[in-house]
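The values are calculated or read from the model by the stated rules, or taken from the named source; none is laboratory data. Remember, it's a predicted structure, so these values are computed and weren't measured experimentally. No Cβ is skipped: glycine too gets one built from the backbone with ideal geometry, and neighbour counts run over all protein chains shown. What goes into the accessible areas is simple: the full protein's heavy atoms, side chains included, and nothing from ligands, DNA or RNA. Shrake-Rupley method; radii C 1.70, N 1.55, O 1.52, S 1.80 Å.
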Amino acid sequence: MDVLSYVHERLAKWAIEPVADQFAGIFDPNGRFGVLFLCISYGIAYGLFRFRRHRGLTDAPSFWRFIGGRRVYFHPSALLDYRYYFVRAILKVALVLPIVGLVDPYILRSGDYLAFFTNLWGARPRLGENLSLSLLYGLGVFLLKDFVHYWGHRAFHSKWLWAFHKVHHSAPVLVPATASRVHFLEKIVEKLAIAVCLGFYAGVFWYACGGEVSRYTLFGVTYLVFIFNGLAANLRHSHVWLSFGPVIEHVLNSPAQHQIHHSDAPRHFNKNFGTNLSLWDWMFGTLYVTTSKPESIRFGTREKDDDRYLTIYSLVVTPFVETARKVIAAKRPQPVPSATSKTPFPQ
């Protein structure tokens, strides 16, 4: 009986509770993949459908067909995304949090920076809590996290990390749950990078203010995250084309821009890395703006990966196998050309 109790306790901790919490997250306004933001996104999509049908700009006979219908939402890739959404909760508890926890003691946190500056330059007078200060702090947190996401995203498009990020790009159809199709190693790197950068930012800001400052929130959600999630964020991973226009898209990332990022067309490669803001893409030369006219897009990687990423196992293990093969291939000595071989002259 003791053995059964222990097994049940472990099962509850590592599987049942994480999955239950992940399901409850659907009703949590802190996450983009929540009922509130899903309703907002598909409400905007329905408005687009009515507008385009009135103008004769769509052949879709119904709203269901307009957003993709059965061919998208019941595609094997979409069904995998639904399953992986819950499996990610188990991976988070079993792998992501323990690994981050091992490194966490070696990362300077906000309080460490605050104490360091206080010992170095002395204590600062307390400015006191006020709305403008909280709004400013929340704005800085939002901008910094978005900036870190941009460069982290670009890093995972590099040669040695692409195999892990390819898990996300391997989806041949996009549904809101595709946003959760992220390899756990990528989540570990993301959490550590944000912890380091936010720790430094908060420490500096708090020292300047003489103490801790809270982020201004709406319904428990940082106000800018709430606003950007309300801008049809769930349509980024969908087949509904929503462009903000070339001018606005120099600053704000539209659903159409992220769909371009998922395109398998060479002209779209390495474009639109931004999460909420396309400002970083504009600043660093990776911007691709769209118009209200939908572009013909096929999602995927052009590497015939559709058949390789159809199971939870393949999403988790395949990136390690591919990366190991790259490392082995890179360490192999290259054959030396013989003296009789013809070497082309450089152009």
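Got a sec? Charge dipole of the chain, +1 on Cβ for Lys and Arg, -1 for Asp and Glu; which of A163, F142, G111 is way out at the positive end?
The Cα lying farthest towards the positive end belongs to A163.
Can you tell me which aspartates and glutamates have their Cα less than 16 Å from the Cα of K145? Leave out same-chain residues fewer than eight positions away.
Partners within reach: E186, E190, D281.
With all protein chains present, how much of the accessible area of the chain (probe radius 1.4 Å) comes from carbon and sulfur, to the nearest whole percent? It would help to have the intermediate numbers written out before the result.
Working: 12640 of 19250 Å².
C and S atoms contribute 66 percent here.
State the answer as a single residue: which of L252, I26, G230 lies farthest towards the positive end of the charge dipole of the chain, with beta carbon charges of +1 for Lys and Arg and -1 for Asp and Glu, about the Cα centre.
The one lying farthest along the dipole's positive direction is L252.
To the nearest 20 debye, what charge dipole does segment 128-201 have about its Cα centre, counting +1 at the Cβ of each Lys and Arg and -1 at the Cβ of each Asp and Glu?
Values: 7 positive and 4 negative charges, 73 e Å.
Using only the charged Cβ atoms, the result is roughly 360 debye.
Highest mean first, how do 30-36, 171-177 rank when packing is the count of other Cβ atoms within 10 Å averaged over residues?
Working: 30-36: 16.7, 171-177: 22.6.
Final packing ranking: 171-177, 30-36.
Strictly over 19 Å apart at the Cα level, which of K92/K191; K187/K271; K159/K326; K159/K271; K92/K187 would you flag in this model?
Values: K92/K191 11 Å; K187/K271 21 Å; K159/K326 9 Å; K159/K271 16 Å; K92/K187 9 Å.
Pairs exceeding the cut-off: K187/K271.
Can you tell me the dipole magnitude for the chain around its Cα centre, using point charges on the Cβ only (Lys, Arg +1; Asp, Glu -1), in Debye to the nearest 20? Don't skip to the end; give the middle numbers.
Values: 37 positive and 23 negative charges, 221 e Å.
With only Lys, Arg, Asp and Glu charged at Cβ, the dipole is about 1060 debye.
When the dipole is taken about the Cα centre of segment 137-251, and only Lys, Arg (+1) and Asp, Glu (-1) are charged at their Cβ, what size is it in debye, to the nearest 20?
Numbers: 9 positive and 5 negative charges, 65 e Å.
It comes to approximately 320 debye.
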